[in-house]
1. Got a number for residues in the stretch 267-298 being loosely packed, with under 12 Cβ neighbours inside 10 Å and more than 22 Å from residue 165 (Cα to Cα)?
2. Can you confirm whether the stretch 103-117 contains a residue that is on the phi < 0 side of the Ramachandran plot and surrounded by 21 or more Cβ atoms within 10 Å (Cβ to Cβ)?
3. Whether any residue in the stretch 297-308 is in a helix (DSSP H, G or I) and at pLDDT below 90 is what I want to check.
4. Take residue 94 and tell me if it is farther than 30 Å from residue 203 by Cβ and out of contact with any strand residue (DSSP E or B) (no Cβ under 6 Å at 6 or more places or on another chain).
5. Go through (1) closer than 24 Å to residue 324 by Cα; (2) out of contact with any helix residue (DSSP H, G or I) (no Cβ under 8 Å at 6 or more places or on another chain) for residue 190 and report which single condition fails.
6. So which residues in the stretch 223-257 are surrounded by fewer than 18 Cβ atoms within 10 Å (Cβ to Cβ) and out of contact with any helix residue (DSSP H, G or I) (no Cβ under 6 Å at 6 or more places or on another chain)?
7. Condition check: over 14 Å from residue 87 (Cβ atoms), at pLDDT 90 or above, in contact with a strand residue (DSSP E or B) (Cβ under 6 Å, 6 or more places away or on another chain) and not in a helix (DSSP H, G or I). Does residue 230 satisfy that?
8. In the stretch 194-204, which residues are surrounded by fewer than 24 Cβ atoms within 10 Å (Cβ to Cβ) and on the phi < 0 side of the Ramachandran plot?
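The values are calculated or read from the model by the stated rules, or taken from the named source; none is laboratory data. What you see is a predicted model; the values in this text were computed from it and never measured. FYI the Cβ positions are ideal-geometry reconstructions off the backbone, even for glycines, and counts take in every protein chain you see.
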């Protein structure tokens with residue numbers, strides 16, 4: 001427990017220091033977020049805010065991990081490598097997407113085809129490492145004590161979890177502090193779950209990794225709560241979501257991820273419903289999606305929406321943890 005508290009504190013301080021320098025650098029480079037024209041009336045004050053804020057917690061997190069490995073304070077395992085690989089890979093995908101948006105001065109980053117190809121490559125490597133680490137390709141529903149062997153199809157399942165979780169966090173990242181706060185809640189939940197998954201090789205290191213990220217996310221919120229000095233960007237949101245998905249897969253809590261990330265799920269589902277409804281009727285079911293923008297258009301303040309969404313995420317995560325203990 002002492003080590004956990006220490007790494008959270010170290011990454012919090014390191015990320016705050018790094019974040020201050022990063023914000024100054026990005027402002028000089030005019031690396032500002034390109035805002036949607038549909039939100040011009042609501043987010044006009046955000047137009048000169050830099051993006052790529054995910055670097056505030058990704059870079060210090062990797063530095064601390066590297067130092068811990070050098071000092072032999074943690075042991076390397078294939079399962080830990082899977083998590084780190086996913087974290088770095090999706091950070092890279094998000095960084096390229098953000099960079100292209102800034103360079104082109106519009107909201108067109110990586111094409112959907114390019115993104116999916118890169119994500120497929122990550123999923124294939126993930127599945128390979130997963131199998132040589134002697135993990136079984138099982139879909140494990142703990143509440144029913146049901147284990148389904150998917151065989152090679154588990155590789156497709158991994159791709160689905162990574163793509164779904166990364167895009168869910170990405171869609172939620174639309175209000176100051178929203179995705180960051182919900183991610184802290186989710187990583188805290190999975191940190192607790194992982195530390196109790198004693199049968200998993202490298203479980204302690206993966207749990208520690210969750211808490212290291214929490215330290216970085218707390219620092220990010222220092223700069224991202226309303227009014228935000230920097231936005232997370234795809235650099236942070238894609239890596240947070242995919243890494244959370246990878247931990248859910250390794251600990252065999254993919255189903256519980258749905259409850260822990262219920263706000264992310266709702267944000268995603270409303271976007272899917274909106275798209276299909278519009279294709280069928282040429283009308284919008286919701287004033288605007290992701291759903292947090294609907295509440296903005298209904299007159300709720302940004303701070304109020306974030307507060308309620310955080311509360312929903314916290315209650316769902318507490319329910320998930322209680323459910324896990326009872327079963």
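1. Adding up the residues that qualify gives 6.
2. yes
3. Yes, there is a match, as at least one residue in the stretch 297-308 is in a helix (DSSP H, G or I) and at pLDDT below 90.
4. no
5. It is condition (2) that residue 190 fails.
6. Filtering the stretch 223-257 down to residues surrounded by fewer than 18 Cβ atoms within 10 Å (Cβ to Cβ) leaves 225-227, 229, 255.
If the condition is that a residue be surrounded by fewer than 18 Cβ atoms within 10 Å (Cβ to Cβ) and out of contact with any helix residue (DSSP H, G or I) (no Cβ under 6 Å at 6 or more places or on another chain), then 225, 227, 255 are the ones that fit.
7. For residue 230, the condition - over 14 Å from residue 87 (Cβ atoms), at pLDDT 90 or above, in contact with a strand residue (DSSP E or B) (Cβ under 6 Å, 6 or more places away or on another chain) and not in a helix (DSSP H, G or I) - is met.
8. 195, 196, 197, 198, 199, 200, 201, 203, 204
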